[in-house]
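The values are calculated or read from the model by the stated rules, or taken from the named source; none is laboratory data. Since we're looking at a predicted model, the values are computed, not measured. Glycine also receives a Cβ, built like all others from the backbone with ideal geometry; neighbour counts cover every protein chain displayed. Just the protein is used for accessible areas: all its heavy atoms, side chains included, with ligands, DNA and RNA removed. Shrake-Rupley method; radii C 1.70, N 1.55, O 1.52, S 1.80 Å.
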Amino acid sequence: MYDSFSNSYDRFVNWDNRLIVELPFIEEKLKQANATTVLDSACGTGVHAIALAQKGFTTVGADISAGMITRARLNAQVQGLEIPFYLAGFGELQETLGGQQFGAILCLGNSLPHLLRLQAFYAALADFYQCLLPGGVFVIQNRNFDLVLRHKDRWMEPQSHHEGKREWIFLRFYDYEPTGLITFNIITLRKQVDGNWEQDIASTQLFPIQQVELKSMLERIGFKQIEYYGNMQGASFEPSKSGNLVMVARKPV
């Protein structure tokens, strides 16, 4: 899905607004842990890693999608930055990165639920733990699946983008499968001025992991001082209301 979506992803995300909202929270959590090195896992097109590098952090990115990594390297090049971006999925980071350890690891954008088995979650979290320095901080941003599963709303807010004479509209919706998994679909509509609309659809599956389950796994792996927020601005997490589940956990010294 994400290889095919990589060329449109930076049009889909309003990065100017998103970074204004998210960077202060991320920087605060990094500074609280005295973190100067950051691994952005599931980095996508690398924009968080680039923004943090511009703030003075030493950053590395990793993603399982070759298309996303190609785009991340191009984005860093445009900004005049040399950031290592690795092709690596969850559970492969320590091996692929040669045992590097970081003061902070990010896993944002509802990326972790792309793992579809509990065993895979444990393997990924253990890998993250090994990639953290003692005292390091781990920041996860997921959809609040407590809320998603309660209401089973299908449609998310449309996104749009204009670029010269071209226009894009992005429509996202869920299919709730009998297996308990969720199929996440993105329809991309695009057209030139005075042209006809063209469309693509891409789909992938998600494991709708909830707060209690993820907390238990983090604790079993060894993470401590787990905090919960309802968004990337530090709002309180309310299972029945919050759109996001943001978890911040520390590796003991």
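Remarks
- Residue selection: ALA42 fails the criterion of being crowded, with 21+ Cβ neighbours inside 10 Å, touching a helix residue (DSSP H, G or I) at 6+ places or on another chain (Cβ under 6 Å) and small (Gly, Ala, Ser).
- Checking each residue in region 7-23 for being closer than 16 Å to VAL78 by Cβ and of a type in the set (Asp, Glu) picks out ASP10, ASP16.
- Region 125-161, residues that are in a helix (DSSP H, G or I), touching a strand residue (DSSP E or B) at 6+ places or on another chain (Cβ under 7 Å) and under 29 Å from THR179 (Cβ atoms): PHE128
- Of all residues making up region 230-253, the number that are surrounded by 15 or more Cβ atoms within 10 Å (Cβ to Cβ) and among the polar types (S, T, N, Q): 3
- ASN34 vs. criteria closer than 23 Å to MET232 by Cα, in a loop (DSSP other than H, G, I, E, B), under 14 Å from the mean Cα position of the chain (by Cα) and at pLDDT 95 or above: no
- Index of the failed condition, GLU219 passing every other in (1) surrounded by fewer than 16 Cβ atoms within 10 Å (Cβ to Cβ); (2) not in a helix (DSSP H, G or I): (2)
- Residue in region 18-31 that is within 26 Å of LEU181 (Cβ to Cβ), open to solvent by 20 Å² or more (accessible area, probe 1.4 Å) and either modelled with pLDDT of 95 or more or of a type in the set (A, V, I, L, M) (or both) present: no
- Within region 195-210, the set of residues being more than 20 Å from THR183 (Cα to Cα) and open to solvent by less than 40 Å² (accessible area, probe 1.4 Å) comprises just one member, GLY195.
- When GLU227, GLU238 are screened for being in contact with a Gly (Cβ under 7 Å, 6 or more places away or on another chain) and modelled with pLDDT of 95 or more, only GLU238 passes.
- Only one entry in ARG190, ARG172, ARG154 is surrounded by fewer than 15 Cβ atoms within 10 Å (Cβ to Cβ), in contact (Cβ under 8 Å) with a residue 12 or more places away in the chain and not small (Gly, Ala, Ser), namely ARG154.
- Qualifying residue in region 69-77 (condition: assigned to a loop (DSSP other than H, G, I, E, B) and open to solvent by 70 Å² or more (accessible area, probe 1.4 Å)): no
- Counting the residues of region 81-90 that are surrounded by fewer than 18 Cβ atoms within 10 Å (Cβ to Cβ) and part of a loop (DSSP other than H, G, I, E, B) gives 3.
- Qualifying positions in region 2-17 - under 14 Å from ALA202 (Cα atoms) and open to solvent by 50 Å² or more (accessible area, probe 1.4 Å): TYR2, ASP3, SER4, ASN7
- Residue check, GLN225 in contact (Cβ under 8 Å) with a residue 24 or more places away in the chain and open to solvent by 70 Å² or more (accessible area, probe 1.4 Å): yes
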